[in-house]
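The values are calculated or read from the model by the stated rules, or taken from the named source; none is laboratory data. For clarity, every value in this text was computed on a predicted model and none was experimentally measured. Positions of Cβ are backbone-derived with ideal geometry, glycine not excepted, and every protein chain shown enters the neighbour counts.
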There are 2 protein chains.
Amino acid sequence: MEIICIGNELLIGKTLNTNAQWLAKRATAAGFTVKRITVVEDDVAAIASVIRESLQRKPKFIITTGGLGPTFDDKTLEGIAEALNRKLEINEKALEMIKEKYEAYAKTGKIEKVELTPARVKMAKLPENSKPLPNPIGTAPGVILEVDETVLIALPGVPSEMEAICEGSVVPLLREKAGDVTFYEASIYVSGIMESTLAPFIDKTMHDNPHVYIKSHPKGGEKEPHIELHFSTTAKSSKIAKDRVGKALVQLSELVKKEGGKVILTQKLAKQ
Amino acid sequence: MEIICIGNELLIGKTLNTNAQWLAKRATAAGFTVKRITVVEDDVAAIASVIRESLQRKPKFIITTGGLGPTFDDKTLEGIAEALNRKLEINEKALEMIKEKYEAYAKTGKIEKVELTPARVKMAKLPENSKPLPNPIGTAPGVILEVDETVLIALPGVPSEMEAICEGSVVPLLREKAGDVTFYEASIYVSGIMESTLAPFIDKTMHDNPHVYIKSHPKGGEKEPHIELHFSTTAKSSKIAKDRVGKALVQLSELVKKEGGKVILTQKLAKQ
């Protein structure tokens, strides 16, 4: 799985990329491994290039965020169409979804009349052989299409809309495609021992528990050693996953304690 | 300029990528255009691949974050070395920096004796023809090297350390290389008008002000139209930049008001 975030606001540091984190968390929980997140500018050629590169790596899913709205700087669908060498064409189902939205806005008095201006029709111009995904919150529908073995999904950049389309249409699909796979993670917090001293203990524990990935996250630098040790695994059942993580967690905790380190199982320290 | 963030914690959604935003903001303020941000896993081949792809696009700078520490999962320098086909070798200056750090830790009683274990020496193993950058806060030095026309800088993933090395060693270099270039940005907040109605006004204003980039950021969806219009430009002096943005801002504000929209110049709405 790859995530592609489109938007100059991310590249000038104006906006924090919370969408990427939200999507990565959901995809991981559904049993997928996110291999890459790419942020690219609002430019058709740049978007097309990132999509093409990603397709070459043959991920099961590519999810894009941003660039589906009515303004000129919303260029995602044009970029995808260019990458796939497909035409952009008005999708009748998408146009119907958009029309219904503006009819509802007109009823509440937000707009005077339902007029399908070029800017509004733009949101219904999808690459050939795409399907729109209903947007329960905003106007621009999401888009789903297939390219060989990859499912490509385009979601809006407004977080509430991205999340609503994802929960409604994408997460169920991810769960179905992932099959019986569970991701499990847990952390311990260690103090009184330096990260460089821990290194060989982590190596040993990972060697003895080959399915568990352990990553150390130093907090506050080596001067005040306080390290989060994060354990994670993906397994066919949550019992297997929990047992695996539990075994590795106990082994590493014992090694830390023997060296005089203090182990805290709650997340209290992390919130300091 | 490209930013590459290395760390599984970013790909599982455990950690929000604040480093990318911080770096993007600094680089933009220094006059650079960040063209791409890539997040990649803690894997030597994957890191090497991302570095190689980035170098092919010939950016002036590549800045990486993460993966410089003492543990096995810190693989950035190995990835860079593989990408550049350079050997990793103990850099005497880096080793000296690291030794001084542990001597200081020993004085404060954090460790019993200064022992340069393999995990500690690892942080001094840099790709050939690199220079270490002093880390005022943590232990692992940053790394700087040149590949053809690209300057490649590797910074740690712990935000406080990344920021300290960047402020001390990287920002001055960026300012020097950027020359006389200023980035300027301003926003207005618009309500009572839909994004799709605004679209042609933005087109017209950008057409009349070709050096100003205007991006609309809908907040709260089209149902409760409240849109941030963000203006930005890069120019040779801050006066030119401000004048340009000011002219575009006034023009678009007038167009919005004529259509019955409300324009707010302060950032109050954005903080709601």
Of all residues in region B:164-175, which are surrounded by 17 or more Cβ atoms within 10 Å (Cβ to Cβ) and in contact with a Lys or Arg (Cβ under 9 Å, 6 or more places away or on another chain)?
-> B:Cys166, B:Val170, B:Leu174
Of residues in region B:174-197 being of a type in the set (A, V, I, L, M) and either part of a strand (DSSP E or B) or more than 13 Å from every other protein chain (Cβ to nearest Cβ) (or both), the one nearest to the chain's Cα centre (by Cα) | B:Leu174
From the list B:Val143, B:Val171, B:Val151, which residue is assigned to a helix (DSSP H, G or I) and assigned by TED's automatic domain parsing to the domain that holds B:Leu10?
-> B:Val171
Close pairs from region B:1-26: first of a type in the set (Phe, Trp, Tyr) and surrounded by fewer than 24 Cβ atoms within 10 Å (Cβ to Cβ), partner modelled with pLDDT of 95 or more and not in a helix (DSSP H, G or I), Cβ under 8 Å, at least 6 apart | B:Trp22/A:Gly13
Output for region A:215-250, where each listed residue is of a type outside the set (Val, Ile, Thr), within 30 Å of B:Ile165 (Cβ to Cβ) and at pLDDT 90 or above = A:Lys215, A:Ser216, A:His217, A:Glu228, A:Leu229, A:His230, A:Phe231, A:Ser232
Residue selected from region B:69-87 under the condition farther than 23 Å from A:Ile202 by Cα and in contact (Cβ under 8 Å) with a residue 40 or more places away in the chain, by the criterion surrounded by the most Cβ atoms within 10 Å (Cβ to Cβ) = B:Ile80
Members of region B:198-223 that are in a helix (DSSP H, G or I) and either hydroxyl-bearing (Ser, Thr, Tyr) or in the same structural domain as B:Glu146 (by TED's automatic domain parsing) (or both) | B:Thr205
Return only the number of the condition from (1) facing chain B (nearest Cβ under 8 Å); (2) in a loop (DSSP other than H, G, I, E, B); (3) under 23 Å from A:Lys60 (Cα atoms) that A:Thr15 does not satisfy.
-> (3)
Among the residues of region B:18-31, which ones are in contact with a Phe, Trp or Tyr (Cβ under 7 Å, 6 or more places away or on another chain) and more than 8 Å from chain A (Cβ to nearest Cβ)?
-> B:Ala29, B:Gly31
What number of residues within region A:32-67 are away from every other protein chain (no Cβ under 12 Å), in contact with a Ser or Thr (Cβ under 8 Å, 6 or more places away or on another chain) and more than 19 Å from B:Val50 (Cβ to Cβ)?
-> 2
Quick count over region A:36-78, residues being outside any loop (DSSP other than H, G, I, E, B) and either on the phi > 0 side of the Ramachandran plot or out of contact with any Phe, Trp or Tyr (no Cβ under 8 Å at 6 or more places or on another chain) (or both), is 25
B:Ile98 being β-branched (Val, Ile, Thr), surrounded by 22 or more Cβ atoms within 10 Å (Cβ to Cβ), in the same structural domain as B:Ile153 (by TED's automatic domain parsing) and over 21 Å from B:Glu161 (Cα atoms) | no
Expected single match for surrounded by 22 or more Cβ atoms within 10 Å (Cβ to Cβ) and either among the polar types (S, T, N, Q) or under 30 Å from A:Glu103 (Cβ atoms) (or both) among B:Leu155, B:Leu198 is B:Leu198
Residues in region B:118-135 that are loosely packed, with under 14 Cβ neighbours inside 10 Å, within 14 Å of chain A (Cβ to nearest Cβ) and part of a loop (DSSP other than H, G, I, E, B): how many?
-> 0
Take region A:199-213 and flag every residue that is within 8 Å of chain B (Cβ to nearest Cβ) and within 24 Å of the chain's Cα centre (by Cα).
-> A:Tyr213
